[in-house]
Structures are given as C-alpha cells and as structure tokens.
Amino acid sequence: MGNIEIVSDLTAIKKQIAELGMKYVENQMPVSLSDVGLTLRPFTSIDTSIDQAIKKLSSGNVGLIPKSSTLKS
C-alpha cells in the first residue's frame, strides 16, 4: 500500500470522524455553545492526529532517519 492510498484512506476516516462528531453533538442536544469544544474534544484530537499523519505521508519523509547535523542544537 503506497502513501497515496494511505492518505486517501486517512482522508476518508477523517470525514467519517467529522460525521460521527456531528451525530454525537446532535444526540447531546441541547448543548451550551461554550461546551461544544469540550464535547467535540475527542473527535478534534483524532482529527489533528490524522492531519499530522497526512502531512508526514504527503511530504515523503516517512521513516527517514534525520541527519546527525539536524539533531544538534
């Protein structure tokens, strides 16, 4: 499975998570506007992780070991 297929699958999963988050909020109605962020936190955390994975896979630097010169501070 190539990076393009993985990115495609992750994008589909991200869409499903967004739909699931919306269904969850709808089932929790009424929800205070101030509580929406807290209610959706599990979904947004997963979404952020998927975004980071997609970014890594799209950049083509997956699995590469950094050069020792980049590790020095």
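Would you check if there is a residue in region 1-18 being without any contact (Cβ under 8 Å) to a residue 40 or more places away in the chain, in a helix (DSSP H, G or I), of a type in the set (Ser, Thr, Tyr) and open to solvent by 90 Å² or more (accessible area, probe 1.4 Å)? No - not one qualifying residue is present in region 1-18. Residues that are of a type in the set (A, V, I, L, M), surrounded by 10 or more Cβ atoms within 10 Å (Cβ to Cβ) and assigned to a helix (DSSP H, G or I) within region 25-60 comprise 25, 36, 38, 40, 46, 50, 53, 54, 57, listed in sequence order.
The values are calculated or read from the model by the stated rules, or taken from the named source; none is laboratory data. Keep in mind that this is a model prediction, so the values were computed, not measured. Positions of Cβ are generated from backbone atoms using ideal geometry, with glycine treated the same way; all protein chains shown enter the neighbour counts. With ligands, DNA and RNA removed, areas are computed over all heavy atoms of the protein, side chains included. Shrake-Rupley method; radii C 1.70, N 1.55, O 1.52, S 1.80 Å.
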